[in-house]
1. Determine ³J(HN,Hα), in whole Hz, for all residues of the range 51-60 in sequence, where each value follows from phi through the Karplus function 6.51 cos²θ - 1.76 cosθ + 1.60 and θ = phi - 60°; x replaces Gly and Pro.
2. Can you run phi through the Karplus equation (6.51, -1.76, 1.60; θ = phi - 60°) for the range 92-99 and list ³J(HN,Hα) in whole Hz, with x for Gly and Pro?
3. As an exercise, use a Förster radius of 35 Å and the Cβ-Cβ distance of residue 31 and residue 88 to find the FRET efficiency, rounded to the nearest 0.05.
4. When you count, for each residue, the other Cβ atoms within 10 Å and take the mean per peptide, how do 47-58, 80-91, 7-18 rank with the highest first?
5. Using a 7 Å offset from Cα along Cα-Cβ at residue 46, what residues in the range 12-26 end up with backbone N under 12 Å from the label point?
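Derivation of every value follows stated rules applied to the coordinates shown; laboratory data play no part. In this text, all values refer to a predicted model and were calculated from it rather than measured experimentally. In this analysis, Cβ positions are derived from the backbone assuming ideal geometry, glycine residues included, and neighbour counts consider all displayed protein chains.
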Amino acid sequence: MLYTNLKHIESATDHAQIISEHENVVIVCGRMGPMCVPVYRIAEELEREYNHVKFFDMEFDNPESQVIRALPEVRGFMGIPFTIYYKNGEVVKATSGIQTKAQIIGILDNEYSEAIAPSPALPQNREGSFDSATSENVSLKNISSELAV
């Protein structure tokens, strides 16, 4: 068993029951190692913020985790953990290896949005600032129109 604060899946039967009973499910399948522990910690944090998503872990070396390791979506994955995102019992996304909190939030927001209209994407500058990128675009537009006169 994994030593995380996530709910544990220990059998293929548990896995089937969980994904059939919950609309949005994330399963992190891994070991207690340096690539997996950060993903478990992020899942533990996000569990409190994403009440409409159920988070679980499953031990990669458990023979029962074959239900995860045999998924076509993970074919070719080389690193662990395998993080599987289910919606209505179907895999909607699968990732492999360490992920940042921002990457996981991006997937959660994309796959499990609660009917919130998407906001238009704003251009970003190299520093990732939306404000300066937007104002730069406005400034460039003004300069272009002035040059055309």
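1. Per residue, the Karplus-derived 3J(HN,Hα) values read 5, 8, 10, 9, 10, 9, 10, 8, 6, 4 Hz.
2. 10, 6, 9, 10, 10, x, 5, 10
3. On the way: r = 29 Å, r/R0 = 0.82.
After rounding, the FRET efficiency stands at 0.75.
4. Values: 47-58: 17.7, 80-91: 19.6, 7-18: 15.9.
Put in order of decreasing packing, that is 80-91, 47-58, 7-18.
5. It comes to 25-26, nothing else.
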